Structures are given as structure tokens and as C-alpha cells.
Amino acid sequence: MASSIAPSPAGKRGRNSSVILTDRMCEKRVAKRTKLYDRKCPGLYVSITTTGVATFSFKFTDRETGKQRNRLAWRLQC
């Protein structure tokens, strides 16, 4: 039996596309940890856990090292 499994394209990461973040999105319950990236503010994302905790973080590139960094902005218990 022949199977045709195509590998994912190189350089493509499986991540959520950007959305306009609203308070309603941050309050929803999820089955597994989810990251939602904000469309209006590049680098800002919210990570929602199964317990209902929304953690807002900011992703940026460090000018000195050239590496990507994440910084916690604030945490919201829903």
C-alpha cells in the first residue's frame, strides 16, 4: 500500500495567524495551551492555558545579540 505523505515546507512553522485581540478572546476556555498573536501590535501575543490564565508577552529581537527574546508583560486570571 503506497502512502503519499508530503513533508511540511521548509521554514514554515505551525503557529496561529495574527488576530485582533479582544477581551472576549482572552476569556475563552481552551483544550490545550494556545498562543494568539496581535495583528495591530507586532510582537504582542497572549498565551491562554487550560486553567483560564491569560499571559501577555512581547516578542522582540535583541539588538546586541540578534536573538529573539520574550518578555512577560502581565498575567490575567479569568
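The values are calculated or read from the model by the stated rules, or taken from the named source; none is laboratory data. Model, not experiment: these values are computed from the prediction. The protein model used for the area step is the full one, side chains on, heavy atoms only, and it has no ligands, DNA or RNA in it. Shrake-Rupley method; radii C 1.70, N 1.55, O 1.52, S 1.80 Å.
Provide the gained length on full extension for the span Met25 to Phe58, in nm with one decimal, where the gain is 0.36 nm per separating residue minus the Cα-Cα distance.
The span from Met25 to Phe58 would gain 10.1 nm if fully extended.
When the Karplus curve 6.51 cos²θ - 1.76 cosθ + 1.60 is applied with θ = phi - 60°, which whole-Hz ³J(HN,Hα) does each residue of region 50-67 get, with x for Gly and Pro?
My calculation for region 50-67 gives 5, 7, x, 8, 9, 10, 8, 9, 10, 9, 8, 9, 5, 5, 6, 9, x, 9 Hz in order.
Given the whole protein assembly as supplied and a 1.4 Å probe, what does the accessible area of Lys67 come to in Å², nearest 10?
Roughly 120 Å² of Lys67 is accessible to a 1.4 Å probe.
How much solvent-accessible surface does Arg39 expose, in Å² to the nearest 10, with a 1.4 Å probe and all protein chains in place?
Number for this one is 140 Å².
Tell me, in nm to one decimal, what length is gained between Thr34 and Trp74 on full extension, where the rule is 0.36 nm per residue of separation less the Cα-Cα distance?
Value of the extension gain: 12.8 nm.
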